[in-house]
Amino acid sequence: MFEQATHGGDADAQTWILLAQVCRMQDDQTAEESALDAALKLEPRQLQALLLKGDARARAADDRAATSFYQLAIGVASASSAVPQTLFTHLDRAQAYLAEAGRRFEAHLRDSLARAGVDSNVGGRRFHQAIDILCGRSELYFQQPTAFYYPGLPQIQFYERPDFPWVGPLEAATEAIRSELEAVLTGGKDGFTPYVEALPERPRSSSPLFDDPSWGALYLWKNGNLVSENTTRFPRTIEALASADIPHIAGRSPMALFSRLRPGTHIPPHHGLLNTRLICHLPVIVPDGCRLRVGNETRPWAEGEMLIFDDSFEHEAWNDSLQTRVVLLFEIWRPELSSEEREALTLLYQSIDLYGAGADMA
């Protein structure tokens, strides 16, 4: 009956689906898939046909094809406000299949690479990150600065310490920096203020750590100006920072501070303002249980070992210990920027800051 209904060439997608279901009951998979292909030719996003086609490819042990139809079906369902109740069980089954197929695919990849001699020490960090993304173990992140985006810069979350010649001498000064900090911490009023503070003539921050001393800052340079009272308290720290490639932008940079995270504090996911800089953390006081996530990679802080990252990626931090964590935080130019670009960006940022400054513009 359904073959007769489709014979004239003007059958709708639902008629072809009904024919496919009858063919399935008769264990005629070739005819079933032919009918489903006809339905999807008429309506490429027909949800039931996509699910049934995924089922047929799954029975044929064709993981890649089944995955493509199931993924499209789930995408169609998520974008629809009227998914038939009868298809919910089928969608759940498709999700379960995708998870299991993903595990099979990852096992195949890792086994194939292992037989070829590629283990965790071969191919490099980026290669293995790519496999994690391919297998769905890691999410894909991109630079998303909240104020200014500079195009064409590489999407690198963490930079490696050996790539910066000034890192070694600065790390060697960690003990001297810690001594200066500990003297201030034990000397009474330490000068830490909440990291997220109110800005004059700006809306209140939505950060849950707004005006919260759990995330504190003790500035050495702020808005491009050296904090005079701290020059005598941190002379060796300031001297050690002189070798870093810190921008000099009137009203903005240098920027350097001690960032304090009290026990049990979580800095929620957020993005930095710019992608033309990198943020540097020199861990000074770091108990176990402290870590930083940038994009899809999480690293612990280790005392005296710099972490350098692009904060225009989504990032967050935790102190799950019972002690306070303190890092020396400062910004540097991205190494990919030429001297001409740095000069132009300096002028650009200064021009931005002059806009709306009223009498100061003169």
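Each value in this text was obtained by applying a stated rule to the coordinates, not by laboratory testing. Because the structure is a prediction, the values reported are computed rather than measured. Glycine also receives a Cβ, built like all others from the backbone with ideal geometry; neighbour counts cover every protein chain displayed.
Points to keep in mind about this one:
- Partner lysines whose Cα lies under 27 Å from the Cα of K53, excluding those fewer than 8 positions away in the same chain, are identified as K41.
- The chain, Cα convex hull volume normalised per residue, Å³: 226 Å³
- The stretch 278-339 - convex hull of alpha carbons, volume per residue in Å³: 83 Å³
- Amide H contacts of Y159 (H built 1.01 Å from N, in plane; Pro and chain starts excluded): I308, F309, D310 sit under 5 Å, all sequence-distant by 5 or more or on other chains.
- Those residues of the stretch 30-68 whose amide nitrogen sits under 12 Å from the label point placed on Q21, 7 Å along Cα→Cβ: 48-49, 52
- Under 14 Å from the Cα of K222 - aspartates and glutamates, other chains or at least 8 residues apart: E197, E331
- Cβ-derived FRET efficiency at R0 25 Å, Q85 paired with S207, nearest 0.05: 0.05
- Å³ per residue enclosed by the Cα convex hull of the stretch 198-338: 127 Å³
- Additional length obtainable on full extension of the chain from A5 to T30, 0.36 nm per residue less Cα span: 7.1 nm
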